[in-house]
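Heads up, the thing below is written out as structure tokens.
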Amino acid sequence: MLDHVGLSVPPSKFDSTVNWYLAALAPLGYDKQIEIPGKAVGLGPSKDSAPFWIAAKENVSDSPNLHLAFNAKDHGVVQKFHGEAVKAGGTCNGKPGPRAYHPNYYAAFVLDPLGIIGGGTAGMTVAARLTEDPNVSVVVLEAGNDHSNDTNVLSPGLYTIMYGDPEYDWIYKTVPQVYANGQEVAHPRGKQLGGSSAINFLFWTHASQQDINNWGELGNSNWSWAELDPYFKKSESYISPSVQVQSDLQTQYIEQDLHGLSGPILNTFPDIYGPVDEAWPRTYQKLGIAVDGDPRDGLALGGYTNTINMDPKVHQRSYAATAYYLPASKRPNLRVITGAFVEKILFKHDYGKKGDVLATGASYSTNGTSFIINAKREVILSAGSISSPQILELSGVGSRKLLKQNGIDVVVENENVGENLQDHIYVPIGYKVIPGISTLDDFKNETFFNEAYEEYITNGTGPLATTGASSGLLSCRQIGCADLKAPMDFANIPASLAAQYKLLSQNFHSEAVTQELTVTGGMSPQYVNDTIKLFTTTLKGNFFTMLGVLEHPYSRGSVHIQSSVPAMYPAIDPRYLSHSFDLEVLSKIALHLQEVAKSAPLSDYLQGNGTIYQEGYYELNEGNVAEWIRKYLQSEYHPAGTCAMLPLEKGGVVDDRFKLYGTANLRVVDASIFPLMPRANLQSLVYAIAERAADWIMEDGRSRK
Ligand SMILES: Cc1cc2nc3c(=O)[nH]c(=O)nc-3n(C[C@H](O)[C@H](O)[C@H](O)COP(=O)(O)OP(=O)(O)OC[C@H]3O[C@@H](n4cnc5c(N)ncnc54)[C@H](O)[C@@H]3O)c2cc1C
């Protein structure tokens, strides 16, 4: 007969393990009976009985995979044990109930967890992949709610309805942008399961080979296009459109072999479209700048119809919540807590071979009540490019000066946290369409909108069952600025930034300088700071807006806390246009948009063959374009780079396996780790890095055993 059993854990895990067992075993009457401080405790029901010991020991596995069974007085106690264990961060691995092991065997099972902060695009991808292994237990803390069954999210045509609504959107704004007319620029970010993948425009486009190879060039081992390529495939299920769609939208450029065919995100072409959508690729063809391959290869450039992440059977957005979370949601080893606003990560200071600190969990609040959750193996921070650096700083990771100013104890000093902010910015230009062309402006008519809504709800068809997919990734030569000279003088620029600029400038003429795309409807560019108003116009009539995005910006900004109060938003300062070359390139892009609008067949659908502007816009020329850009530049809502994956001395926050410098078991996995902005929309790259992170977390977990 056994007198007692003992569990040995690394010193770093000692406190959190003891705390968790104390919470879970309290219903069984267990408490701390004997203690050798920092080394061991004996738990048991009375002073004379401490049958369960936890000891701190160097060089033992931190996930020992033990099955420990405790006797309970009755079924009620089993149920209470299960409830408390789950509340303290354990994951249900079998609800309380009878088991057929022997008569009267009534039991409940729990696993201790690995914690993910932020159930967004990257967070849900990692959580779903990790929990494919039933021995890995994951808790996700997400500030927003689950809207995976909500028409506003699922309808491909409704996304702008969510902007400015706190149920879906964090509704951030930048600080006044001194180089851009002092404007505050609105920044919607998804606040719900699936994060920004729940509110984005559904464009599924790709970084270039060079973009990812650059990440390697900057000093990250094992980072190249070839190494990341399988992970793009892993996240995607490409669904070939009908022959009719292929011909109308000229989608024959697709090389199916390049695409994933069995991944979670469904990806296809819109099958509801109008004549302007059909005209788009033909216009680029006529201009001699149609796409010259499948941009999924990371090389092709030119105008084209891109794919969108939509389930074509039901015309619903396919995103991190529907594609990754829902299929995994029934797993007993995945626990997702929504409405959980994470305030900080908890650390244990005095641990580790290299003096690294250890993340032991996180504190969060729900409806004003605070909770602590313990994470046994790792903490993964996936709160996105704005919140991830904010949470790090609130937790004591960042610049010593800034933390001190805000009264926060320094846990890990790193000046790079929150720096290196990059974003895609664009200029819109609006045109009047010819009578008879239906645009999003028709939704201003309440009857039209209500009918469209009814049709979508009832049949999953109609104008809300689709969205635009016209775009193009174009080089300088293709937009007529082959003579532009990229900066080559990097004197007086910090070496880490100079290394980035060198790569950008070296590749300036072979890479995309712009993404050109469209909104089939009017915009109100004067509302730079108000996304609710930006994507509509109060003007009567129907309009068509062309957007020219700057793909590889040189301007760098930052995201930093302004207070130690977690609910206070950080100062977001992208310093748009602070590098003069950005304005130079954007000017060329804006002028090129006007040339496209005047070209057939697109011009056939625009009044005056693409020369009549929506009121408020006017003909841009070399003389007035810069002023106009400063006034009306918009964000494409692609903030990245604020927890950059780089060597520490080159501006890094995480290493090339996403580990936060100075910590033993905390990774950041989201768009904040991009060291250098890629071309195109970001989501396919976020899914790819998250897929890769999940593989590494599993791999590292196995090697620890
Ligand atoms: C309006 C908009 C349109 C876009 N359009 C496109 C497009 O068409 N195509 C494309 O490819 N890309 C697009 N993007 C970009 C792309 O969607 C994002 O880059 C990507 O989804 C970011 O993923 P992430 O995991 O880094 O962050 P998110 O997906 O934003 O995830 C972060 C998660 O963390 C949660 N969180 C934050 N703080 C806390 C906290 N304190 N506690 C708990 N949880 C927290 C958030 O609620 C969120 O769920 C768009 C983005 C936006 C905002």
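The values are calculated or read from the model by the stated rules, or taken from the named source; none is laboratory data. For clarity, every value in this text was computed on a predicted model and none was experimentally measured. Note that each Cβ is placed from the backbone with ideal geometry, even for glycine, and that neighbours are counted across all protein chains shown.
Let's see how each residue does on (1) of a type in the set (D, E, K, R); (2) over 14 Å from I479 (Cα atoms); (3) at pLDDT below 95; (4) in a loop (DSSP other than H, G, I, E, B):
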| site | (1), (2), (3), (4) |
| --- | --- |
| S563 | no, yes, no, yes |
| R575 | yes, yes, no, yes |
| E584 | yes, no, no, no |
| H592 | no, no, no, no |
Please give the strands (runs of 3 or more DSSP E) falling wholly within region 1-67 in which 1 or more residues are in contact with a Gly (Cβ under 6 Å, 6 or more places away or on another chain), among the aromatic types (F, W, Y) and modelled with pLDDT of 80 or more. 52-56
Verdict on V276 being outside any loop (DSSP other than H, G, I, E, B), within 16 Å of the ligand (Cβ to nearest atom) and either in the same structural domain as I479 (by TED's automatic domain parsing) or farther than 26 Å from E595 by Cα (or both): no
Could you please find all residues in region 361-408 being over 16 Å from G118 (Cβ atoms), of a type outside the set (G, A, S) and part of a loop (DSSP other than H, G, I, E, B)? N367, K376, R377, N406, I408
As an exercise: evaluate Y304 against (1) outside any loop (DSSP other than H, G, I, E, B); (2) outside the structural domain of L158 (by TED's automatic domain parsing); (3) over 20 Å from the mean Cα position of the chain (by Cα) and give the number of the one condition it does not meet. (2)
Among the candidates N333, N306, which residue alone is under 28 Å from T642 (Cβ atoms) and buried (at least 20 other Cβ atoms within 10 Å of the Cβ)? N306
Read through the list (1) touching a residue at least 24 places away in the same chain (Cβ under 8 Å); (2) closer than 25 Å to G123 by Cβ, then give the number of the only condition that V291 fails. (2)
Flagged in region 449-478 as part of a helix (DSSP H, G or I) and either of a type in the set (S, T, Y) or buried (at least 18 other Cβ atoms within 10 Å of the Cβ) (or both), in numbering order, are A452, Y453, Y456, T458, P463, L464, A465
Looking only at region 117-146, how many residues end up being within 16 Å of the ligand (Cβ to nearest atom) and either touching an Asp or Glu at 6+ places or on another chain (Cβ under 9 Å) or modelled with pLDDT under 80 (or both)? 13
Restricting region 188-212 to residues that are more than 12 Å from the ligand (Cβ to nearest atom), in a helix (DSSP H, G or I) and under 21 Å from the mean Cα position of the chain (by Cα), which is surrounded by the most Cβ atoms within 10 Å (Cβ to Cβ)? I212
E227 - would you say it is of a type in the set (D, E, K, R), assigned by TED's automatic domain parsing to the domain that holds F658 and away from the ligand (no atom under 16 Å from the Cβ)? yes
Restricting region 675-687 to residues that are more than 11 Å from the chain's Cα centre (by Cα) and within 13 Å of the ligand (Cβ to nearest atom), which is farthest from A498 (Cα to Cα)? N681
Selection from region 332-362 of residues that are at pLDDT below 95 and either among the basic types (K, R) or within 11 Å of the ligand (Cβ to nearest atom) (or both): R335, K348, K353, K354
Determine whether region 527-542 contains at least one residue that is more than 24 Å from I572 (Cβ to Cβ), surrounded by fewer than 16 Cβ atoms within 10 Å (Cβ to Cβ) and in contact (Cβ under 8 Å) with a residue 24 or more places away in the chain. yes
Among the residues of region 148-161, are any touching a Pro at 6+ places or on another chain (Cβ under 8 Å) and either part of a loop (DSSP other than H, G, I, E, B) or among the hydroxyl-bearing types (S, T, Y) (or both)? yes
When you go through (1) assigned to a loop (DSSP other than H, G, I, E, B); (2) over 22 Å from the mean Cα position of the chain (by Cα); (3) not hydroxyl-bearing (S, T, Y) one by one for A498, which number turns out not to apply? (1)
Look through region 593-617, keep the residues that are within 12 Å of K432 (Cα to Cα) and of a type in the set (S, T, Y), and return whichever of them is farthest from the ligand (Cβ to nearest atom). T611
Criterion: crowded, with 24+ Cβ neighbours inside 10 Å and of a type outside the set (D, E) - qualifying residue of Q390, Q405: Q390
